[in-house]
Amino acid sequence: MSQPDRPRRIGVLAVQGAVREHVAAITDIGAVPVEVRLPRDLVDLDALVLPGGESTTMRRMIDAYGLREPVRAMAAGGSPVLGTCAGMILLASGIDDGDEPVLAALDIAVRRNAYGRQLDSFEADLEVPAIGPEPLHAVFIRAPVVTDIGAGVEVLARDPDGRPVAVRQGRVLATAFHPELTTDRRIHRLLLTSIEAPAERPA
Amino acid sequence: MTTIERSTWATKVGLARMLAGGVIMDVVTAEHARIAEEAGAVAVMALERVPSDIRKFGGVARMSDPKLINEIKAAVSIPVMAKCRIGHFAEAQVLESLEVDYIDESEVLTPADEEHHIDKHVFKVPFVCGCRDLGEALRRIGEGAAMIRTKGEAGTGDIVEAVRHMRAVQAGIRRLASMRDDELFAAAKELRAPYEVVKQTAELGALPVPNFSAGGVATPADASLMRQLGAEAVFVGSGIFKSEDPERYAKAIVRATTHFDNPDILAEVSTGLGAPMLGISSGEIPPEERLAVRGW
């Protein structure tokens, strides 16, 4: 099934947000980036990235052009998906402020803008054992907080106060921070690696 | 164990990057703000009057009443921006105390200083500033602006100045990018901009901060035009709430900004929209009433 000769095609949901930065990161790791604005753009993708941006805007544009069901089906079918910040909110199965979940592909609950307003945006070094011993420098912008975690979800990193900020369930990966804003490509490589890895049984 | 650093340059520019591909809408009430958010705006600009009314009413245009800004902050979950006058750092201090998410040091308000812009590095809240050409953009970045918007001519509904300014910035960048390293010193002098920022722009082949478009966007096709000319996102002032059907206009401009390179979708969202803002041709505005010339 795997064709190592063919470069992997990784889609970036491009309705709004830090699309360009994810496209650059995907190019850096030797995969082919594909901007996704309409359902037809999802054809032949090996993985999908949901970027940072404004989750309320992205939610509306996903529904306006019929992207919700095909993206949900992709995640449910075992395709690797990475959601960063707003992308984590789109993936979550619960949102604390009463908004309806969008994709519900990841068994976590989140609270939007939970660190505060822009003045509370911050940078910090995180321990992320899954990508190696070197700390990961992470940028958090009006970031969400994970408030609840399902049994099958693995915590990959916590913020300095001990709250989960990177989580994984099967091949669905999400971060509250923005790996696309720094030059460390280990989170994107983790996504690429999971394309090759044998499918795990969702817990 | 780990230290946290707040309000860094990376977080300031980072928020601007999160707004890319989106529409930032001028709003004058909490109700407008809710309509904007519902339509898919990525942020709102809290104002007492949209630019076309500032033009009509005349007088001195100042920072908005904090009461209005707080009402708008309470009404929406998307970022809230507010404007201060050029050089009026005390207004900017008030806006920072209100914890707005971005401050626009704006030519739409009456300038408070005809020589100095605000030293934006000393603020924790990020700033956006307007420009007409590359030199002006790089001077503002040198002063600490984390986002640039081309000025256009606000409150006109006429896109011609926005196009002029965006083309000037993009042509300036292409010219810098083609220069030898030893030519950049003279370029900095000519642009009246800090050498370091000039060099960074030449190396990147792009501004070191996101470049958005403002001033004159009144239709979905206007938004598409500016995106195709290189704007990463679009500010819309009077264009939405001075149109016949603001809710539909807001939605249509949001969709046009995302699908800027898809003429089929542009045709669909432009169909039967009702009248855009009436507007005034920017050529009819006497030179002393032009807003874009404010800024030094």
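What share of the DSSP beta bridges in the protein assembly as shown is antiparallel, in percent to the nearest 5?
Antiparallel bridges: around 30 percent, rounded to the nearest 5.
Mean Kyte-Doolittle of at least 0.0 plus a Cα span of 15 Å or more along the axis: flag which DSSP H helices in chain A meet both, please.
A:186-196
I'd like the antiparallel share, as a percent to the nearest 5, of DSSP beta bridges with both residues in segment A:9-196.
So the antiparallel bridges in segment A:9-196 amount to around 50 percent.
Calculate the length of the line joining the C-alpha centroid of segment A:73-123 to that of segment B:119-157, in whole Å.
32
Mind jotting down the distance between the C-alpha centroids of segment A:135-176 and segment B:252-296, whole Å?
41
Whole angstrom only: what separates the Cα centroid of segment B:212-248 from the Cα centroid of segment B:40-56?
12
Which three numbers, in whole Å and largest first, are the semi-axes of the equivalent ellipsoid of segment A:44-144 derived from its Cα gyration tensor as √(5λ)?
Three semi-axes, in Å: 24, 19, 12.
Add -39500 (n - 2.57) for each DSSP H run of 4 or more in chain B, then divide by its residues: what number comes out at 222 nm, to the nearest 500 deg cm²/dmol?
-12000 deg cm²/dmol
Summarise the long-distance tail of P(r) for segment B:131-258 by giving the % of C-alpha pairs beyond 22 Å.
More than 22 Å apart: 37 percent of the Cα pairs in segment B:131-258.
Within 14 Å, Cβ to Cβ, of A:Met88, how many net charges do the neighbouring residues add up to if Lys/Arg are +1 and Asp/Glu are -1?
So the environment of A:Met88 carries a net charge of -1.
Debye calculation, C-alpha points only, no solvent: report log10 I(q)/I(0) for segment A:124-198 at q = 0.15 Å⁻¹, in the same order as the q values.
These q points yield log10 I(q)/I(0) values of -0.49.
Rounded to the nearest 20 debye, what is the charge dipole size of segment B:87-229 about its Cα centre when +1 sits on each Lys and Arg Cβ and -1 on each Asp and Glu Cβ?
In total the dipole reaches around 620 debye.
If you count, for every residue in B:125-132, the Cβ atoms of partner chains within 10 Å of its Cβ, what is the mean?
Shielding by partners across B:125-132 averages 1.
What longest region of chain B stays clear of GluC sites (Glu not before Pro) that DSSP places outside H, G, I, E and B and that have at most 14 other Cβ atoms within 10 Å?
B:116-243
Please compute the Cα-Cα pair-distance distribution of the protein assembly as shown with 10 Å bins starting at 0, giving whole percents from short to long.
Reading the bins upward from 0: 4, 20, 30, 26, 15, 4, 0, 0.
For segment A:9-196, I need the span (max minus min coordinate) of the C-alpha atoms along each principal axis, in Å, sorted largest to smallest.
Principal extents (Cα only, largest first): 42, 38, 33 Å.
Quick one: what do you get for chain B if you divide its Cα Rg by 2.2 N^0.38 Å? Walk me through the numbers on the way to the answer.
Details: Rg = 18.2 Å, N = 296, 2.2 N^0.38 = 19.1 Å.
Against the empirical 2.2 N^0.38 Å value, I get 0.95 for chain B.
Give me the number: length gained by fully extending A:Ile149 to A:Glu127, i.e. 0.36 nm times residue separation minus the C-alpha to C-alpha distance, one decimal in nm.
This chain segment gains 6.0 nm when fully extended.
Counting just the Cα atoms, what span does segment B:19-142 cover along each of its three principal axes? Round to the nearest Å and put the largest first.
Over segment B:19-142, Cα extents along the principal axes are 39, 33, 28 Å.
Taken together, the values in this text are just the output of simple stated rules run on the coordinates, not laboratory data. What you see is a predicted model, and the numbers here were worked out from it, not measured in a lab. Methodologically, a virtual Cβ is constructed for each residue, glycine included, from the backbone with ideal geometry; neighbour enumeration extends over all protein chains shown.
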